[in-house]
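Undergrad: My questions will all concern the structure given below.
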Amino acid sequence: MRSRFAAILGDRRAVVGALLLGGFAVLALFGPLFVGDAGAAVDVPLSPPSWRHLLGTTGQGQDVLAQTVVGARLTLGIGLVVGLLVTLFGVILGVGAGYAGGLIDDAASVTTNVFLVIPGLPLAIVIGAYLPPGPVRLGIVLTLAGWAWCARVFRAETLSLRAKDFVAAARLAGEPHWRIIAVEILPNMASLVAASFIGTTIYAIGAQVGLEFLGLGDLGAVTWGTNLYWASNDSALLTGAWWTFVPTGLCVALVGFALTLLSFALDEVTNPRLRRRPRRGPVVRATSRPTPPSATEALVSVRELTVRYAGSELPVVDHVSFDISAGEIFGLAGESGSGKSTIGHALLRLLPADAEIDGELRVAGADVTALEGEALRRWRWRDAAVVFQSAMSALNPVITVGEQFVDTLAAHGQGSRAAARARAVELLAMVGVDGRLVDAWPHQLSGGMRQRVGLALALALEPRLLVLDEPTTALDVVVQREILERLVELQAKRGFAILFITHDLPLLTSVATRIGILRDGHLVELAPTEQLCRAPRHAYTRLLLSSFPRLPPVAAKRLQVLP
Amino acid sequence: MRYVLRRLALYAVAAWASVTLGFVLPRLMPGDPATMLLARLRGKLSPAALTAMRDALGFADGSILRQYVTYWRHLLHGDLGLSVAYFPVPVGEVIGTGLLWTLALAGSALLVSFSLGTLFGALAAWRRGGWLDSVLPPALALLGAVPYFWLAMLALLVFGHVLRWFPLGHAYSLEREPSWSPSFILDVARHAALPALTLVVATLGTWMLGMRNTMVALLDADFIKLAWAKGLPPRQIMLRYAARNALLPNVTGFGMALGFVLSGSLLTEIVFSYPGLGYLLVQAVRNKDYALMQGLFLLITLAVLAANFLVDVTYVWLDPRTRAHA
């Protein structure tokens, strides 16, 4: 929490926002002491700015500067109070409903949704019209029209927190409900509460000014909204008396802007993803020794591959070299974080922008690190394709399975739409998926089916290298077996090479011809499968072989302690 | 279908709640405004008309339940009572023309700003750190913090009063007779341009930021990575893979912000003396015309509910996952 606070303070926008707000707070608190009576007529109506009246006078001859300064007090005061009220209401209702669940939650969420779809301003007017004017009326009306937004946010957050383990643990331990809410739930929503408070204050000031502009304010009081009401009523617009409404509006805008800046800063602190650097192609530093491709060269050749992320000293992959021959199944095994997936991604140039690649990568004679732009795009999928672990999320959810084949084939200029569709059916049949599913949506398929679709997609252009990044990890053992068998069968028939990446060494030994063992970015052992199983040279390999994966979770911890 | 039906049920409840609010409010509030209103009309109206007005406001004789039924009956016949501000025109008639102007102005402005904002947001996310991403969001955030109607006042001052590029208000030149002639339509367009532009500028930032942030999060998704690996053209990845998916939450956001944006546009109408619902609303408030106020509230709410329903249908059409459960 303290580091978040520091991060917010370190944000330039937050500083600007806070300074602006501080300035207005001082103005609202002490300004009225210096500007005299804002309500009194002091000069000729609508006189333009002069030395006597720095911002001119209103249609009633009042001093605009005085009106603007005095208006700040009530407007900001009501804004803050309503912001607090709405947030408080939202927290109580949202957290209460979300935590209670059941009928209470149903009733509360219907009520919230009803209030959400009823437009706020007309509702505020209809209710406000029956109440006596004054700050209390504004407070009631604005809170009634605004609480639902807040309640909705807090209810959703409570629901997700309630499902978390630590809340379940507290419930099992028999802690009283109020304690769980106070200790486990509310502290975890602190930044959300802060964000909501900023948001509702912006709303409260804006809506308040709007209602007063309509004439629903206390017309005898001096606030920013009534200033604007009188400006428009005195037809300042038609006479071009800009000074009657520009200063006030500017103040409203500046306060709103300052609050918006604060909420942006808060957003990025709580959601760092918004701040991260853009993803483009990775930075490539190819080693400066051009080696011409020779006829006898392996299909894949990796030389001294080093990958480093910007801002981190330690490379994720450290001087790794290996070859894959045509038609070979090559395995890379290692724990998560060992750098095995990074190698697979580097081979396909899929690393994020802040990754630096050093070394040499060749696939089927092409210098992968030298490819850029259109050449890179054309190269992709043709010689090297990939199947990701996450079949669930690797397909575009809004287009059909067939369309994802069609666009792939079209991107590489292969055939008409009809031909591409026919090819998709054929490819699906090849991996054992009913061709009729070509028109299905991804969400209609099971995990195993989707992974088969991913495999079929990878074979669409008959690549010479297939990178499989934990292709069966998310699946149950039976489905895993079926897919692997199909894969090996296809590989034998079509003769493509496979780079099989997994943490599951025993599984790997059943399919791969050669295996490399990765640890902390280093290739610690590289041997034919049979030799690796019979006489593993590295202690780490022995460990992986003997214990993985049927290791009870307790023993897994001990594994990290060993050399 | 189930999704759509569930939404419909919600809108039905919301509609019922707004109608009932119109019945309950005058009873709950201090000062008995309805009696005051009727007192103001006494003498101006025939006894029969006065009774009809009482019924429409829900103050018929008999038990509360009976009054409620009478109130509904009048409502379903389109009888919302007589307007005081536009005496003695029935509220339904007063509102009718205003609705058209508001729908045309706010509707077109909203569509334009949503499309543009979404497009800009997608581009900003795609070229993160580019000029579009670094210049527009803070500028639009500043504009978004400005009350719409004040922006309208500024626009009117600069482009209407000083530069004289646009007329100073109203929906068409008052000396003209409304017709479908090209010159009249052009005149209407000229009058709508400035208010519509103000609305577009004021709301653009909301859509743009929403789209940008969803899309930024989405660009890390596996199916985007796979799209790159497949060698798809970047434009296709941006539009068909990233933007198309990021659009979904943005459409939901559009539905939720409708009421809010509409409220802003009502205030903008007042600045331009645009003869829409906002302008009527101000007349109702200033004349304490409760019947007109309630009629406006009902109509605006129903319009927003209908628009929300359209958004839901669009959402179902856009997202195969909701379609499947249908």
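The values are calculated or read from the model by the stated rules, or taken from the named source; none is laboratory data. Everything numeric in this text was worked out from a predicted model, so none of it was measured. For neighbour counting, all protein chains shown are included, and Cβ atoms are generated from backbone atoms with ideal geometry for every residue, glycine included. Note: accessible area is taken over every heavy atom of the protein model, side chains too, but ligands, DNA and RNA are not part of it. Shrake-Rupley method; radii C 1.70, N 1.55, O 1.52, S 1.80 Å.
Undergrad: Mind checking the dipole of the protein assembly as shown: about its Cα centre, +1 per Lys or Arg Cβ, -1 per Asp or Glu Cβ, Debye to the nearest 20?
TA: 940 debye
Undergrad: How big is the shadow of the Cα convex hull of the range B:115-216, averaged over all directions, in nm²?
TA: In nm², the orientation-averaged hull projection of the range B:115-216 is 7.9.
Undergrad: Next question. Using amide H atoms built 1.01 Å from N in the peptide plane, name the residues 5+ places from A:ILE498, or on other chains, whose amide H lies under 5 Å from its own.
TA: A:GLU328, A:ILE329, A:PHE330, A:LEU466
Undergrad: Give me P(r) over the range B:95-288, computed from all C-alpha to C-alpha distances, binned every 5 Å, as integer percentages.
TA: Percent of pairs per bin, in order: 1, 8, 14, 16, 15, 13, 10, 8, 6, 4, 2, 1, 0, 0.
Undergrad: Which whole-Hz couplings ³J(HN,Hα) result when phi for each residue of the range A:256-266 is put into the Karplus expression 6.51 cos²θ - 1.76 cosθ + 1.60, θ = phi - 60°, listed in order with x for Gly and Pro?
TA: Whole-Hz 3J(HN,Hα) from phi for the range A:256-266: x, 5, 4, 5, 4, 4, 4, 6, 4, 4, 5.
Undergrad: Could I ask something else about it? Given Cα pairs under 8 Å that are at least 6 residues apart, what percent is the relative contact order of chain A?
TA: 13 percent
Undergrad: Need one value: the accessible area of A:VAL16 in square angstrom, 1.4 angstrom probe, rounded to the nearest 10.
TA: Using a 1.4 Å probe on the heavy atoms, I get roughly 70 Å².
Undergrad: Over the range B:95-288, calculate the relative contact order: mean separation of alpha carbon pairs under 8 Å at least 6 apart, over the residue count, as a percent.
TA: RCO, the range B:95-288: 37 percent.
Undergrad: On a C-alpha basis, how far is the centre of the range B:8-24 from the centre of the range A:41-82 in Å? Whole number, if you could?
TA: 42 Å
Undergrad: Which value, in debye to the nearest 20, describes the size of the charge dipole of the range B:206-326 about its Cα centre when Lys and Arg Cβ atoms bear +1, Asp and Glu Cβ atoms bear -1, and nothing else is charged?
TA: The dipole of the range B:206-326 has a size of about 400 debye.
Undergrad: As a check on your grasp of the helix formula, calculate [θ] at 222 nm for the protein assembly as shown: sum -39500 (n - 2.57) over DSSP H runs of n ≥ 4, divide by the residue count, round to the nearest 500.
TA: -19500 deg cm²/dmol
Undergrad: I've got another one for you. Enumerate the lysines that A:LYS340 could reach by cross-link, defined here as Cα to Cα under 19 Å, with residues fewer than 8 away along the same chain left out.
TA: B:LYS225
Undergrad: Something else about it: Helix A:477-494 against the longest principal axis of chain A: what's the angle in degrees, Cα atoms only, rounded to the nearest 10?
TA: For helix A:477-494, the angle is close to 60 degrees.
Undergrad: Say we join alpha carbon atoms closer than 10 Å with springs in a Gaussian network model of chain B; which of B:ALA307, B:ALA229, B:ALA145 then has the biggest fluctuation?
TA: B:ALA229
Undergrad: Give me the percent relative contact order of the range A:65-271, please, defined on Cα pairs under 8 angstrom at least 6 residues apart.
TA: 31 percent
Undergrad: Compute, for the range B:95-288, the length of the dipole vector about the Cα centre, with Cβ point charges of +1 (Lys, Arg) and -1 (Asp, Glu) only. Units Debye, rounded to 20.
TA: Dipole magnitude for the range B:95-288 comes out near 440 debye.
Undergrad: Now a separate question. If each of A:ALA100 and A:ALA40 carries a label point 7 Å out from its Cα toward its Cβ, how far apart are those two points in nm?
TA: In this crude spin-label approximation the distance works out to 5.5 nm.
Undergrad: May I ask which residue of B:GLY117, B:VAL282, B:GLY130 lies farthest towards the positive end of the charge dipole of the range B:95-288, with charges of +1 (Lys, Arg) and -1 (Asp, Glu) on Cβ and the Cα centre as origin?
TA: Selected residue: B:GLY130.
Undergrad: Using θ = phi - 60° and the Karplus curve 6.51 cos²θ - 1.76 cosθ + 1.60, what whole-Hz ³J(HN,Hα) does each residue of the range B:131-141 get, with Gly and Pro shown as x?
TA: Working through the residues one at a time gives 5, 4, 7, 9, 8, 5, x, x, 4, 6, 5 Hz.
Undergrad: Also, I was wondering about something else. Leaving out ligands, DNA and RNA, what percent of the accessible area of the protein assembly as shown is carbon and sulfur, probe 1.4 Å?
TA: That fraction is 65 percent.
Undergrad: Next up: Between rounded, prolate and oblate, where does chain B land on the alpha carbon gyration tensor, with a ≥ b ≥ c its root eigenvalues, rounded for a/c under 1.5, else prolate if a/b exceeds b/c?
TA: Note, shape of chain B comes out oblate.
Undergrad: Using only the alpha-carbon atoms, what does the range B:244-290 span along each of its principal axes? Please give whole angstrom values in decreasing order.
TA: Cα spread of the range B:244-290 along its principal axes, largest to smallest: 48, 22, 10 Å.
Undergrad: Excluding ligands, DNA and RNA, what is the solvent-accessible area per residue of the protein assembly as shown at a probe of 1.4 Å, expressed in Å²?
TA: 44 Å²
Undergrad: Let me ask something additional. May I have the pair-distance distribution P(r) for the protein assembly as shown, computed from all Cα-Cα distances with 20 Å bins from 0 and rounded to whole percent?
TA: Going from the shortest bin to the longest, the percentages are 12, 37, 30, 17, 4, 0.
Undergrad: Which residue, B:VAL311, B:LEU156, A:LEU490, has the largest displacement toward the positive end of the dipole of the protein assembly as shown when charges sit on each Cβ (Lys, Arg +1; Asp, Glu -1)?
TA: So the residue furthest toward the plus end is A:LEU490.
Undergrad: Taking a cut-off of 22 Å, what percent of all Cα-Cα pairs in the range A:65-271 are separated by more than that?
TA: 55 percent
Undergrad: Evaluate Rg over Rh across the range A:48-165, taking Cα atoms for both radii and Kirkwood's formula for Rh.
TA: 1.20
Undergrad: Using a basic spin-label model with each label point 7 Å from the Cα along Cα→Cβ, how many nm lie between B:MET1 and A:THR473?
TA: 4.2 nm
Undergrad: A further question on this structure: Per-residue HN-Hα couplings for the range B:252-265, Karplus 6.51 cos²θ - 1.76 cosθ + 1.60 at θ = phi - 60°, whole Hz, x for Gly and Pro?
TA: Coupling constants for the range B:252-265: 4, x, 4, x, 6, 8, 3, x, 5, 5, 4, 4, x, 6 Hz.
Undergrad: Here's something else I'd like to know. List the residues, sorted by chain then number, that are 5 or more residues from A:ASP218 or on another chain and whose placed amide H is less than 5 Å from its amide H.
TA: Under 5 Å from the amide H of A:ASP218 lie the amide H atoms of A:GLY134, each far enough along the sequence or on another chain.
Undergrad: Find which of A:ALA41, A:LEU314, A:LEU437 sits farthest along the positive direction of the dipole of chain A, computed with +1 on the beta-carbon of Lys and Arg, -1 on that of Asp and Glu, about the Cα centre.
TA: It is A:LEU314, whose Cα lies furthest towards the positive end.
Undergrad: In whole angstrom, note down how far apart the Cα centers of the range B:253-326 and the range B:65-108 are.
TA: The distance from the Cα centre of the range B:253-326 to that of the range B:65-108 comes to 15 Å.
Undergrad: Can I ask one more? Sort A:PHE34, A:PHE257 from largest to smallest accessible area, using a 1.4 Å probe on the heavy atoms of the protein chains.
TA: Solvent-accessible surface, decreasing: A:PHE34, A:PHE257.
Undergrad: Considering only protein heavy atoms, what is the solvent-accessible area of B:LYS225 at a probe of 1.4 Å, reported in Å² to the nearest 10?
TA: 40 Å²
Undergrad: Determine the distance separating the Cα centre of the range A:399-438 from the Cα centre of the range A:309-362; give it in Å without decimals.
TA: 31 Å
Undergrad: So, one more: What ranking of B:HIS77, A:HIS345 comes out by heavy-atom accessible area, probe 1.4 Å, highest first?
TA: B:HIS77, A:HIS345
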